[in-house]
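The values are calculated or read from the model by the stated rules, or taken from the named source; none is laboratory data. What you see is a predicted model; the values in this text were computed from it and never measured. Using ideal geometry, Cβ is built from the backbone for each residue, glycine included, and neighbour counts are taken over all protein chains shown. For the accessible areas, the whole protein counts, side chains as well, though only heavy atoms, and no ligand, DNA or RNA atoms are used. Shrake-Rupley method; radii C 1.70, N 1.55, O 1.52, S 1.80 Å.
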Amino acid sequence: MADLSTAVGSVKLKAPVLTASGTVGYGAEFARYLRPAELGAVVVKSMKATPWEGNPAPRVHPTPAGMINSVGLQGSGVHHWLEHELPDLEATGAAIVASIWGNTIDEYSKAADALADAPPAVVALEVNVSCPNLEDRSRMFAHSAGATSDAIEASAGCGRPRWAKLSPNAPDISEIAAAAHSAGAEAVVLTNTLLAMVIDPKTRRPVLGAKRGGLSGAAMRPVAVRAVYDVREAVPELPIVGVGGVASGIDVVEYLLAGACAVQVGTATFADPRAPRRILSEFEQWCDRHEVGRPSDLIGAAHG
């Protein structure tokens, strides 16, 4: 049997399959379908320091090879999560990755500082910089190396390893990844959704309440794999978590070969909440069939 343990920087994980932020809520409700402790970690939905209403409905719509969403990062805030949601998730024995976002650098700082006293089960902080920057309305934080660096630096108060979640829509994702690493990110999460839109021919209007949204699922897997490969090639010392369209064990293998140390499963859980555990089992079976002893034997192998 393969040893499934892996590491994302200084964070040791029992398996290379995690959940993706925004797809399993705050995590505890996920436990009715599988044992969260069997996964590498549960990444909870991104939170601000304060409550946020999110975008108008409709928020989610299926596409031929995935889905488009514009939930707008709705949530009750970090303080509410710490008091009301985290205890139930912690009781499952899962490793937990908190995820934060903000519209300003100060909001990132406040959200991260609020997590400083979180229990040890919160092993890392995902800093989601793929969101609108009110201080530079022309783009997301993740579209600017400087803004990304500022957000990562502002999140240091969490006292935990930081992972920068980046956007595939950036003109040079390797440059952004290198900037995040220089600013203190131990790892990068590649990637968030692709900017997208669906229009209903009957109504002649966009189907989402916010009009534009983010494409996820199988359609974007090759885009995310390319991002992982490019960043591994440009910044080989930077640990990577791959995310985008992971639906089978062989998808995990592909991401690891491209250079990821672990993957996150998101859209697949909408069709099957048990998907992360199934995918992990398929990956383990593949490793056994191909006499692969551990994930590290695969990481970056496509680079030769």
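Summary table below
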{"quantity": "Where a residue in segment 237-255 is modelled with pLDDT of 95 or more and its partner, wherever it lies, is open to solvent by 20 Å² or more (accessible area, probe 1.4 Å) and aromatic (F, W, Y), with Cβ under 7 Å and at least six apart", "calculated": "G249/W286; I250/W286; V253/W286"}
{"quantity": "Residue list for segment 263-274, filter: in contact with a Leu (Cβ under 9 Å, 6 or more places away or on another chain) and surrounded by 18 or more Cβ atoms within 10 Å (Cβ to Cβ)", "calculated": "V263, Q264, V265"}
{"quantity": "Elements of type helices (runs of 4 or more DSSP H) in segment 209-275, at least 1 residues being within 22 Å of S5 (Cα to Cα), touching a Gly at 6+ places or on another chain (Cβ under 8 Å) and not basic (K, R)", "calculated": "221-234, 249-258"}
{"quantity": "Counted residues, segment 68-96 - those being crowded, with 22+ Cβ neighbours inside 10 Å and over 16 Å from G25 (Cβ atoms)", "calculated": "3"}
{"quantity": "Positions within segment 1-47 being surrounded by fewer than 22 Cβ atoms within 10 Å (Cβ to Cβ) and either within 16 Å of G75 (Cα to Cα) or charged (D, E, K, R) (or both), in sequence order", "calculated": "D3, K12, K14, G25, Y26, A28, E29, R32, R35, E38"}
{"quantity": "Matching residues in segment 256-304 - criterion: being among the hydrophobic types (A, V, I, L, M, F, W, C), farther than 19 Å from E38 by Cα and touching a residue at least 24 places away in the same chain (Cβ under 8 Å)", "calculated": "L256, L257, A258, A260, F270, V292, L298, I299, A301, A302"}
{"quantity": "Residue among S99, S155, S109 that alone is modelled with pLDDT of 95 or more, open to solvent by less than 50 Å² (accessible area, probe 1.4 Å) and touching a Phe, Trp or Tyr at 6+ places or on another chain (Cβ under 7 Å)", "calculated": "S155"}
{"quantity": "When residues of segment 112-152 are limited to those that are over 18 Å from V44 (Cβ atoms) and in a strand (DSSP E or B), the one modelled with the highest pLDDT", "calculated": "M140"}
{"quantity": "Breaking point among (1) open to solvent by 10 Å² or more (accessible area, probe 1.4 Å); (2) of a type in the set (G, A, S); (3) within 22 Å of I173 (Cα to Cα), for A258", "calculated": "(1)"}
{"quantity": "Long-range neighbours under 6 Å by Cβ, at least six apart or interchain, first residue part of a loop (DSSP other than H, G, I, E, B) within segment 165-181, second surrounded by fewer than 23 Cβ atoms within 10 Å (Cβ to Cβ) and of a type in the set (D, E, K, R)", "calculated": "none"}
{"quantity": "When residues of segment 242-255 are limited to those that are open to solvent by 40 Å² or more (accessible area, probe 1.4 Å) and under 18 Å from the mean Cα position of the chain (by Cα), the one nearest to V24 (Cα to Cα)", "calculated": "A247"}
{"quantity": "Residue match in segment 186-203 (condition: more than 25 Å from A271 (Cβ to Cβ), open to solvent by less than 30 Å² (accessible area, probe 1.4 Å), among the small types (G, A, S) and outside any loop (DSSP other than H, G, I, E, B))", "calculated": "yes"}
{"quantity": "Check on A41, farther than 18 Å from L115 by Cβ, aliphatic (A, V, I, L, M) and modelled with pLDDT of 95 or more", "calculated": "no"}
